[in-house]
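FYI, it's all coordinate maths here, none of it is from the lab. Bear in mind that the values here come from a model prediction, so they are computed numbers and not experimental data. All Cβ positions, glycine included, derive from the backbone under ideal geometry; neighbour counts span all protein chains shown.
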Amino acid sequence: MATCLVTGAGSGIGAALAARLAERGDELWLLARDAGRAAQLRERYAGARTLVGDLADPGRLSWAFGHQTVPSRVDALIHVAGVVELGPVAETSVATWQQQLDVNAVGPAELTRLMLPALRAARGHVVFVNSGAGLRVSPEWGSYAASKFAVRAIADALREEERDTGVRVTTVYPGRTATPMQEKVHRQEGADYDPTRWIAPESVATTILAALDLPRDAVVSELTVRPGS
Ligand SMILES: NC(=O)c1ccc[n+]([C@@H]2O[C@H](COP(=O)([O-])OP(=O)(O)OC[C@H]3O[C@@H](n4cnc5c(N)ncnc54)[C@H](OP(=O)(O)O)[C@@H]3O)[C@@H](O)[C@H]2O)c1
């Protein structure tokens, strides 16, 4: 039984992953941005423990964890939480830049930093759910892509820095996945939303599990997942 800390378990890919981890009996720690959401997660995943911390306010995570019980060993820290806001650079406000950079990159970096002793104790695994937008940028995707390019850099640096501690690092780059986030993207693009055209969140969860379950002699450093046909 592994101890897994998952962000974004309330929706989409994170919810699909948490359900699979719970099903197989792993010990779940779930990060929620506030106490109300944490209570909902505990109700949804019996036996799960929660941590309250808002990724949009990375500077307060350390203080918040100082007032809660945190896991002493973490086998897997899986960063799934994220936000998206489309729009041209010409019209993107500082608040919009800041929110995506904080939730998608600075928050995960700080959460990783705070959990590193527990990860090192377990020779654990850090998984970052990135995006196709972390590899290439299209018009109107600048601020989201910037946050995903940033988290790609964080993962690549961490992988090399932690090589001798036994902490493994994987980045998963999903294409469009049928979740509430993708529904929002369609609304912002002015397009009709047909979830059957896109990857099921369960398939992204399967991909993450494949990386986590690989024996220690190998590590998947990067995985790209595209919609099938
Ligand atoms: N859907 C896609 O097409 C797609 C494609 C490529 C990559 N991705 C990436 O996959 C990841 C999961 O996306 P999804 O589609 O499953 O999104 P989703 O359904 O919108 O779920 C996002 C999750 O992130 C959490 N979250 C947002 N802001 C947070 C904050 N400030 N603090 C803590 N948690 C916060 C949300 O919690 P609340 O319940 O509190 O809102 C929610 O559980 C994201 O990193 C996204 O960028 C998605």
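Residue-level check: of (1) free of Cβ contacts under 8 Å to residues at least 40 places away in the same chain; (2) within 12 Å of the ligand (Cβ to nearest atom); (3) not in a helix (DSSP H, G or I), Asp192 misses just (2).
Out of Val106, Val52, which single residue is more than 19 Å from Val172 (Cβ to Cβ), within 14 Å of the ligand (Cβ to nearest atom) and in contact (Cβ under 8 Å) with a residue 24 or more places away in the chain? Quick ask: steps written out before the conclusion?
Working: Val52 fails: in contact (Cβ under 8 Å) with a residue 24 or more places away in the chain.
From the options Val106, Val52, the qualifying one is Val106.
Among the candidates Ala210, Ala205, single out the residue that is among the aliphatic types (A, V, I, L, M), surrounded by fewer than 16 Cβ atoms within 10 Å (Cβ to Cβ) and outside any loop (DSSP other than H, G, I, E, B).
Values: Ala205 fails: surrounded by fewer than 16 Cβ atoms within 10 Å (Cβ to Cβ).
None of the other options fit; the residue is Ala210.
The residue pairs whose first member lies in segment 201-218 and is closer than 16 Å to Leu77 by Cβ, whose second member is in a helix (DSSP H, G or I) and not β-branched (Val, Ile, Thr), and whose beta carbons are closer than 6 Å, counting only pairs six or more residues apart or on different chains, are Ala205/Ala16; Ala205/Leu17; Ala205/Arg20; Ile208/Leu17.
Only a single criterion out of (1) buried (at least 20 other Cβ atoms within 10 Å of the Cβ); (2) more than 14 Å from the chain's Cα centre (by Cα) is not satisfied by Val129, namely (2). Considering every residue within segment 158-175, establish whether at least one is assigned to a strand (DSSP E or B), under 25 Å from Gly87 (Cα atoms), in contact with a Pro (Cβ under 9 Å, 6 or more places away or on another chain) and among the hydroxyl-bearing types (Ser, Thr, Tyr). The answer is no; no qualifying residue exists.
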